[in-house]
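Visitor: Structure below; questions to follow.
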Amino acid sequence: MAGTLYDKLWDAHVVESSADGQALIYIDRHLLHEVSTPQSFVALRESGHVVHRPETNLAVADHAVPTHGRGQPVADAQARAQIALLEENCRAFGIDYLPLAGPDQGIVHVIGPEQGFTLPGVTLVCGDSHSATHGAFGALAFGIGASECGTVMAAQALWQRRAKTMRVRVDGALPDAVSAKDLMLALIGRTGAGGAVGHAVEYTGPAIRAMSMEARMTLCNMTIEAGSRTGLVAPDATTFAYLAGRPRAPQGAMWDRAVAYWRTLASDADAVFDQEIVIDAGTLVPQVSFGTSPDQVLPIDGIVPDPAAIADPGQRRRLAAALDYMGLTPGERADAIEIDHVFIGSCTNGRIEDLRAAAAIALRGHVHDRVRAMVVPGSMAVKRMAEAEGLDHIFRAAGFEWREPGCSLCVAMNDDRLPPGARCASTSNRNFEGRQGVGARTHLVSPAMAAAAAIAGRLTDVRAV
Ligand SMILES: CC(C)[C@H](C(=O)O)[C@@H](O)C(=O)O
Ligand code: SF4
């Protein structure tokens, strides 16, 4: 029977099925960070379990890490303790840890692919909701809860329920200055934040085939913002070229065997999906979020909607509350919204291509007097690459701060935090209340749009910069 890519990945990992429709799924890879793993190590110790296959685990500290003074002791006592605990747990259980001051540190979803730890065909989990990022390689990747991290380490398997499938086919080609981020914001605007709940989403079509791995990762990363735990792109020559020679990817004869297998990982032409969405990439324009959920988005030439125009009382209240928090008025033009902070980084848009896109805009001006703008590379490797290309000079000369890698202002769990009322154009993935600091307001945009906003001091159409 014809199958989807998701079906094939799932079927290849079922160890056992239960009568109530659940399946025990073999887990090939587990990524760890400092925030979601402490309890799982407590559970391992208490139960006397060992880590079943330590070499299938890889850890890094990213959420709490400072983005300045790398190599010096972490000043914040709580962050220092969190990071030290991860290091200690990894030592005790024989898990590979990428040290904070080392050359390979970075955001967990950036380092997995960089290391070649993320591979097509594997099941990969992490105690983090943005784990779908790795599905860009054709891996069955999903976020798990903190307690499940312990289960995975001890048992190398998890009970899961099979998801339904959704295909997002993107026809045509993205216009200049319209990025994967814009595509994703537009898609989430259309599906709603819960539109893909219970579904594994596969991205297909010519616009996806034409995308770099960085762009595919941006898509899969934000799949969770549409409610789905799993985003997928079938692996192809772009995928293999990205992975070839990566430190933890197969080498030599094993590489050839792996590629031969990876080539089989695609949905059959006549596979049936439970839901299907078709987007014409050519019609898209740059997007901005205006509310407190990633589905509250506008094209940059749009206007802030009016709650009074919404019939459904629940939806009306939701929109009114978002506008209230965001300090916006119905009818306001998106490109008239003044900002005072810009954040370029995160596991959504902190990769080399994202920094290149932002730097190309930074070259055209200087950060506005009112604005504080920060560039936080997604990893040490991204930082090195950017510096080798001179992007750090471009950013600094234009008035942007150039920082050390980490989650930083995406989630404000370190000392990068915005004051109440601050308004930020951000390349991250969530605009929830308080996400960048208590009372701070977030507008989600692409890297080029963020750089353009930094220069203009307001949200602005990057196509006109
Ligand atoms: C802290 C962590 C568990 C969290 C997540 O699950 O995604 C964070 O990475 C986020 O982006 O909100
Ligand atoms: S960069 Fe943001 S979204 Fe990604 S893992 Fe860190 S906090 Fe989560």
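Visitor: Give just the number: which of (1) buried (at least 21 other Cβ atoms within 10 Å of the Cβ); (2) without any contact (Cβ under 8 Å) to a residue 40 or more places away in the chain does Ala241 not satisfy?
Guide: Of the numbered conditions (1) buried (at least 21 other Cβ atoms within 10 Å of the Cβ); (2) without any contact (Cβ under 8 Å) to a residue 40 or more places away in the chain, the odd one out for Ala241 is (1).
Visitor: Here are some conditions: (1) under 29 Å from Ala260 (Cβ atoms); (2) away from ligand 1 (no atom under 14 Å from the Cβ); (3) within 20 Å of the chain's Cα centre (by Cα). Ser131 meets all but one. Which one does it not meet?
Guide: (2)
Visitor: Out of Ala81, Ala92, which single residue is surrounded by fewer than 17 Cβ atoms within 10 Å (Cβ to Cβ) and either touching a Phe, Trp or Tyr at 6+ places or on another chain (Cβ under 8 Å) or hydroxyl-bearing (Ser, Thr, Tyr) (or both)?
Guide: Of the residues listed, the single one that is surrounded by fewer than 17 Cβ atoms within 10 Å (Cβ to Cβ) and either touching a Phe, Trp or Tyr at 6+ places or on another chain (Cβ under 8 Å) or hydroxyl-bearing (Ser, Thr, Tyr) (or both) is Ala92.
Table: residues versus (1) assigned to a loop (DSSP other than H, G, I, E, B); (2) assigned by TED's automatic domain parsing to the domain that holds Arg333; (3) in contact with a Ser or Thr (Cβ under 8 Å, 6 or more places away or on another chain); (4) touching a residue at least 60 places away in the same chain (Cβ under 8 Å).
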{"site": "Arg248", "(1), (2), (3), (4)": "yes, no, no, yes"}
{"site": "Ala258", "(1), (2), (3), (4)": "no, no, no, yes"}
{"site": "Phe273", "(1), (2), (3), (4)": "yes, no, yes, yes"}
{"site": "Ile277", "(1), (2), (3), (4)": "no, no, yes, yes"}
{"site": "Gly282", "(1), (2), (3), (4)": "no, no, no, yes"}
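Visitor: How many of the residues in the stretch 1-33 are surrounded by 20 or more Cβ atoms within 10 Å (Cβ to Cβ), part of a loop (DSSP other than H, G, I, E, B) and of a type in the set (Ser, Thr, Tyr)?
Guide: Residues meeting the conditions: 1.
Visitor: Does Ala322 satisfy the criteria of being in contact (Cβ under 8 Å) with a residue 24 or more places away in the chain and part of a helix (DSSP H, G or I)?
Guide: yes
Residues checked against (1) within 30 Å of Ala19 (Cβ to Cβ); (2) within 16 Å of ligand 1 (Cβ to nearest atom); (3) under 18 Å from the mean Cα position of the chain (by Cα); (4) in contact (Cβ under 8 Å) with a residue 12 or more places away in the chain:
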position	(1), (2), (3), (4)
Cys149	yes, yes, no, yes
Leu174	no, no, no, yes
Asp182	no, no, yes, yes
Ala193	no, yes, yes, yes
Val201	yes, no, yes, yes
Glu214	no, no, yes, yes
Met222	no, yes, yes, yes
Leu232	yes, no, yes, yes
Ala237	no, no, no, no
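Visitor: If you scan the stretch 53-63, which residues turn out to be part of a loop (DSSP other than H, G, I, E, B) and either touching a helix residue (DSSP H, G or I) at 6+ places or on another chain (Cβ under 6 Å) or crowded, with 21+ Cβ neighbours inside 10 Å (or both)?
Guide: Those that are part of a loop (DSSP other than H, G, I, E, B) and either touching a helix residue (DSSP H, G or I) at 6+ places or on another chain (Cβ under 6 Å) or crowded, with 21+ Cβ neighbours inside 10 Å (or both): Ala61, Asp62, His63.
Visitor: Would you point out the residue of the stretch 423-433, among those that are within 13 Å of ligand 2 (Cβ to nearest atom) and in a loop (DSSP other than H, G, I, E, B), that is surrounded by the fewest Cβ atoms within 10 Å (Cβ to Cβ)?
Guide: Taking the candidates together, the pick is Phe432.
Each row is one residue, and each column tells you yes or no for (1) under 19 Å from Thr67 (Cβ atoms); (2) within 13 Å of ligand 1 (Cβ to nearest atom); (3) among the aliphatic types (A, V, I, L, M); (4) touching a Lys or Arg at 6+ places or on another chain (Cβ under 6 Å).
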residue	(1), (2), (3), (4)
Asn431	no, yes, no, no
Met449	no, no, yes, no
Ala454	yes, no, yes, no
Arg458	no, no, no, no
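Visitor: Where the second residue is of a type in the set (Asp, Glu) and buried (at least 16 other Cβ atoms within 10 Å of the Cβ) and the first is under 22 Å from Glu202 (Cα atoms) and lies in the stretch 5-31, which pairs have Cβ atoms under 6 Å and are six or more apart or on separate chains?
Guide: Final answer for the pair search is Leu5/Glu202.
Yes/no matrix, rows are residues, columns are (1) touching a strand residue (DSSP E or B) at 6+ places or on another chain (Cβ under 8 Å); (2) at pLDDT below 95; (3) crowded, with 24+ Cβ neighbours inside 10 Å:
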| site | (1), (2), (3) |
| --- | --- |
| Lys383 | no, no, yes |
| His393 | no, no, no |
| Ala398 | no, no, no |
| Ser408 | yes, no, yes |
| Gly421 | yes, no, no |
| Arg435 | yes, no, no |
| His443 | yes, no, yes |
| Ala453 | yes, no, yes |
| Leu459 | yes, no, yes |
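Visitor: Then there's this: Take the stretch 219-246 and flag every residue that is within 16 Å of Arg167 (Cα to Cα) and assigned to a loop (DSSP other than H, G, I, E, B).
Guide: Matches in the stretch 219-246: Gly227, Ser228, Arg229, Val233, Ala234, Pro235.
Visitor: Within the bounds of the stretch 64-75, is there any residue that is hydroxyl-bearing (Ser, Thr, Tyr), within 16 Å of ligand 2 (Cβ to nearest atom) and either part of a loop (DSSP other than H, G, I, E, B) or closer than 30 Å to Glu401 by Cβ (or both)?
Guide: Yes, that holds for at least one residue.
Visitor: Can you tell me which of (1) within 16 Å of ligand 1 (Cβ to nearest atom); (2) of a type outside the set (S, T, N, Q); (3) over 16 Å from the mean Cα position of the chain (by Cα) is the one Ala412 doesn't meet?
Guide: Ala412 satisfies every listed condition except (3).
Visitor: Every residue in the stretch 215-238 that is crowded, with 24+ Cβ neighbours inside 10 Å and within 23 Å of Ala258 (Cα to Cα), please.
Guide: Those that are crowded, with 24+ Cβ neighbours inside 10 Å and within 23 Å of Ala258 (Cα to Cα): Arg216, Met217, Cys220, Thr230, Gly231, Leu232, Val233, Pro235.
Visitor: Considering only residues of the stretch 294-323 that are within 26 Å of Thr348 (Cβ to Cβ) and of a type in the set (D, E, K, R), which is nearest to the chain's Cα centre (by Cα)?
Guide: Of everything passing the filter in the stretch 294-323, Asp295 is nearest to the chain's Cα centre (by Cα).
Visitor: Filter the stretch 393-413 down to the residues that are over 20 Å from Ala453 (Cβ atoms) and away from ligand 2 (no atom under 16 Å from the Cβ) and list them by number.
Guide: If the condition is that a residue be over 20 Å from Ala453 (Cβ atoms) and away from ligand 2 (no atom under 16 Å from the Cβ), then His393 is the only one that fits.
The values are calculated or read from the model by the stated rules, or taken from the named source; none is laboratory data. Computed from a predicted model, the values in this text were never measured in an experiment. Note that each Cβ is placed from the backbone with ideal geometry, even for glycine, and that neighbours are counted across all protein chains shown.
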